[in-house]
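Student: I'd like to ask you about the structure that follows.
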C-alpha cells in the first residue's frame, strides 16, 4: 500500500550529479507518527522520499525528482552531496536510543518492492546503489543498524554480501586502505570499521579487526570494483 504525505523539506538536485544511490535509514523515534510529523516539520529541515512502516505501508513524502534532506553531512567515494545523488528511504524503527528491534517481514517485503521500482525507474546498478546511513556518515550514524537484513537483500540482488574466497585471506592490504577503496570516509578509521562491521560482519561489531574482517573487506572491495 502506498500513500502520500508531502513534506516541505526539499530543494532541487545539483544538475551535474547523477542519481545513483539509495540510502536506507531508520527513523530512530518513539513512534511512526512522531517520525512522520518530524519529517514534515519545516523547522526540522529533514525529510525522505519514502517512509516504510512496520506494517508495510509506504508513505511518499518527496517526489523522486527532488532533493530530499536525509543524508546530512556525508561522504561516499569522494562525493559529499549525497542528497543530490540519492533517494532516501526511512524505515520505521525506534533505533538504538528507543529500543532497537528487528525489522518485520512485512516491512522488508514492502521495501524490496519499493527498491525494485526505484532502481528500474532510474537505471541504477542494483549491486552498487544501496547504502546505509552509517556507510555515508560513520562518525555520526548507526542506522539502519546491525539488525537490518543486508544479507537477505543481497541474495535478491540488492547490494552485495561478501563470501570471501581463499585469496581474500592471503592478499596484502590493511583495513584503512580497504575501507577507503570500498568508499568509506576514513577520517575516523575506527568509525568506518564499525560501519563496515555493522553492515557486513555484525557478529564482530565492536570487537576490532580480525582475519575474517579483512577478508570480508577484500571481498566487498572486489565485488564493488570489478
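Student: How many residues does the stretch 40-62 hold that are within 19 Å of the chain's Cα centre (by Cα) and more than 12 Å from residue 91 (Cβ to Cβ)?
Tutor: Residues meeting the conditions: 6.
Student: Taking the stated definitions as given, is residue 143 closer than 20 Å to residue 218 by Cα, in the same structural domain as residue 81 (by TED's automatic domain parsing), crowded, with 21+ Cβ neighbours inside 10 Å and in contact with a strand residue (DSSP E or B) (Cβ under 9 Å, 6 or more places away or on another chain)?
Tutor: So residue 143 does not fit the description; no.
So that you can scan it fast, the table gives a plain yes or no per residue for (1) on the phi > 0 side of the Ramachandran plot; (2) in the same structural domain as residue 97 (by TED's automatic domain parsing); (3) modelled with pLDDT of 95 or more:
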| site | (1), (2), (3) |
| --- | --- |
| 137 | no, yes, yes |
| 149 | no, yes, yes |
| 171 | no, no, no |
| 180 | no, no, yes |
| 185 | no, no, yes |
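Student: Another one. Taking residue 28 as the residue in question, decide whether it is under 19 Å from residue 108 (Cβ atoms), in contact with a helix residue (DSSP H, G or I) (Cβ under 9 Å, 6 or more places away or on another chain), surrounded by fewer than 24 Cβ atoms within 10 Å (Cβ to Cβ) and touching a residue at least 24 places away in the same chain (Cβ under 8 Å).
Tutor: When the stated conditions are applied, residue 28 passes them.
Student: Follow-up question, since we're still on this one. Name the helices (runs of 4 or more DSSP H) wholly inside the stretch 50-132 in which the number of residues that are in contact with a helix residue (DSSP H, G or I) (Cβ under 7 Å, 6 or more places away or on another chain) and under 30 Å from residue 16 (Cβ atoms) is 2 or more.
Tutor: Correct list: empty, since no element meets the threshold.
Student: Would you say residue 55 is touching a strand residue (DSSP E or B) at 6+ places or on another chain (Cβ under 6 Å), over 17 Å from residue 119 (Cα atoms), surrounded by fewer than 18 Cβ atoms within 10 Å (Cβ to Cβ) and assigned by TED's automatic domain parsing to the domain that holds residue 127?
Tutor: Here the answer is no, as residue 55 does not meet what is asked.
The values are calculated or read from the model by the stated rules, or taken from the named source; none is laboratory data. From a predicted model like this one, the values you see are computed outputs, not experimental measurements. No Cβ is skipped: glycine too gets one built from the backbone with ideal geometry, and neighbour counts run over all protein chains shown.
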